[in-house]
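Since the structure comes first, as structure tokens, the remarks are kept for the end.
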Amino acid sequence: MTRHAPEIAFFPEASFGAALNCVGIAQELQKQGAVPVFICHPGFTGVFAEYGFKEYHLPEGPADTAQTVEDYWQDFINTHVPHFNLDPTAQLPTYVAPTWKAIVETAIAAEDDLAQLLDQIRPDAIVLDNVIMFPAIANAGCPWIRIVSCTETEIPDPAVPPYLSGLAPDDADAITSFAKSYADVTAPIHRNYNSFRRKCGLPALPDRLFLEASPTLNLMLSPAPVRYQRDTPLPQDRFVFLEGCVRTENHYELPRFPVDDGPLVYVSFGSLGAVDTNLIQRMIDVFETIPARFLVNVGAVIEAYDRVPDNVNLGGWFPQPSVIAQAALMIHHGGNNSFCEALYYGVPSLVMPYCWDGHDNAQRAEAVGVGRRINRAAWSAQSLRADILSVLGDDAMRSRLAGISANMQRNPGTVRAASAILAAIAPAHTSSDGALKDHARPSPVGSP
């Protein structure tokens with residue numbers, strides 16, 4: 001009897017952080033003999049094919065729809081840019097609730113098409129990297145695996161601050177207030193989502209939760225140095241912590257700067273943050289005064305910048321892991337991919353969060369001494385310059401990060417994730433000689 005190579009369908013949310021995190025795991029699964037494929041949201045066609053993976057595409061929607069899904073989300077972000085300057089609690093009614101409403105509507109709209117695609121693919125397992133459950137996945141008739149590629153706070157625990165709050169675990173009064181406000185503003189959206197789940201044959205979820213834990217396997221991307229001590233440890237047979245998940249990219253050859261001297265600072269606020277060109281231009285004006293080189297990811301709006309200093313180079317996209325590996329500092333929004341990649345390469349972070357899990361990662365970076373948090377609405381040219389120079393000169397932080405980097409690179413999350421996935425689905429894909437049982441289950445939750 002020959003071994004059946006399992007086909008594993010990845011379904012990341014429509015964000016480059018989740019998409020590229022899944023690429024890293026898929027690369028390792030492919031090395032270990034599996035066949036990864038990707039289900040793409042509109043706007044992500046070609047992203048996974050570029051890495052050599054087969055794609056299946058969700059349709060844009062009805063032909064008479066005036067706006068594509070990609071344009072819809074771009075307009076959504078543009079509308080909410082003013083809310084990025086608000087603190088996490090003030091963002092609950094202005095940004096978080098509208099975002100959850102849009103996410104739920106997206107899940108409902110995608111349900112029938114996703115079910116048809118899964119029936120066509122008939123994968124041996126589905127890997128979901130998202131913040132919401134699509135019932136078609138739970139009803140697909142195969143194991144599904146959850147990736148928590150946002151911050152660890154996505155999985156609640158009394159000792160862990162509320163998801164999206166940016167709070168420290170010992171700030172009890174603020175935690176109570178935030179949790180109540182979060183439940184209040186999301187209540188009608190949550191009721192609508194639970195109604196949809198029941199129609200699809202799934203049980204309702206508790207308040208504030210839009211995605212349950214997988215009964216098979218849950219992969220947590222929080223590296224050891226930034227994890228929380230939980231009141232209730234997560235079950236070791238279903239939860240595996242990874243040391244980040246860094247994909248493989250070709251070496252990036254740095255451009256020659258007209259002023260080509262000083263340490264390299266990489267700046268990226270993700271595909272959403274790039275729309276705030278006014279903020280980035282203000283920062284570029286400060287960069288001009290600092291004896292360093294700045295590589296700045298400005299996304300699809302590079303034409304908005306008509307004056308670029310000689311020590312600054314702009315780009316619409318960079319192979320981020322390869323760039324970070326050569327940097328002395330990363331300035332970013334606190335997205336979990338960016339945060340983990342900086343840790344993986346031992347690079348300090350200046351985190352200027354604007355929404356979602358960026359607030360949680362910014363707080364954690366400062367709390368454990370691997371970076372600093374910058375208030376997006378309250379910095380000045382003088383304070384930003386001082387923060388950059390201070391972190392570049394912080395030898396103690398750099399030494400701490402060197403140890404973290406060494407451990408993460410000894411225990412790559414991509415390898416652990418791929419091995420865990422194959423071990424979790426092995427019983428259904430083992431020949432009579434037990435060939436797939438070579439994929440040993442990784443070390444339990446919390447182990448180095």
Fewest to most Cβ atoms within 10 Å: 37, 240 sort as 37, 240
Given the options 339, 196, 294, state which has the largest fluctuation in a GNM of the chain using a 10 Å cut-off (strictly under) for Cα springs. 196
Taking 7 Å along the Cα-to-C-beta vector as the label spot, tell me the residue 230-residue 259 distance in nanometres, rounded to one decimal. 4.8
For Rg and Dmax of the Cα atoms in Å, which listed value, (1) 29.5, 100; (2) 21.6, 69; (3) 25.8, 84, comes from the coordinates shown? (2)
Based on DSSP H assignment, which helices of the chain show an axial Cα extent of at least 20 Å together with a mean Kyte-Doolittle hydropathy greater than or equal to -0.5? 16-31, 97-121
Distance (nanometres) between label positions extended 7 Å along Cα→Cβ at residue 390 and residue 328: 1.8
Most fluctuating of 266, 252, 193 in the GNM of the chain (C-alpha, under 10 Å) is 252
Identify the residues of segment 338-354 with backbone N under 17 Å of a label point that sits 7 angstrom from the Cα of residue 410 along the Cα-to-Cβ direction, or state none. 344-346
Give me the Å³ per residue figure for the convex hull around the C-alpha atoms of segment 264-408. 97
About the Cα centre, charge dipole magnitude for the chain (Lys/Arg +1, Asp/Glu -1 at Cβ), debye: 960
Using a 10 angstrom cutoff on alpha carbons, build the Gaussian network for the chain and name the most mobile of 301, 246, 351. 301
For every other residue with a beta carbon closer than 10 angstrom to the beta carbon of residue 25, add +1 if it is Lys or Arg and -1 if Asp or Glu, then tell me the sum. 0
Take 4, 190 and order them by how many other Cβ atoms sit within 10 Å, fewest up front. 4, 190
Taking 217-223, 49-55 and ranking on average Cβ neighbours within 10 Å, highest first, one gets 217-223, 49-55
Using a/c under 1.5 as the rounded threshold, could you call segment 78-130 rounded, prolate or oblate? The axes a ≥ b ≥ c are square roots of the C-alpha gyration tensor eigenvalues, and prolate needs a/b larger than b/c, oblate otherwise. prolate
Separation of segment 386-402 and segment 104-159 by C-alpha centroid, Å? 39
Hull-based mean projected area of segment 52-208, where the convex hull spans the alpha carbons, in square nanometres: 11.4
Provide 180, 101 in ascending order of the number of other Cβ atoms located within 10 Å of each residue's Cβ, fewest first. 180, 101
Highest average packing first - 22-30, 307-315, Cβ atoms within 10 Å: 22-30, 307-315
Quick query: amide H of residue 145 versus all other amide H atoms, modeled in the peptide plane; which residues come in under 5 Å with a sequence gap of 5 or more or a different chain? 126, 127, 128
Stretched out fully, how many nm does the piece from residue 173 to residue 30 gain, at 0.36 nm a residue minus the Cα gap? 46.7 nm
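Values in this text are rule-based calculations from the coordinates and carry no lab data. Predicted model only: the values in this text are computed from it and were never measured. Cβ: placed from backbone, ideal geometry, glycine included. Neighbour counts: every protein chain shown.
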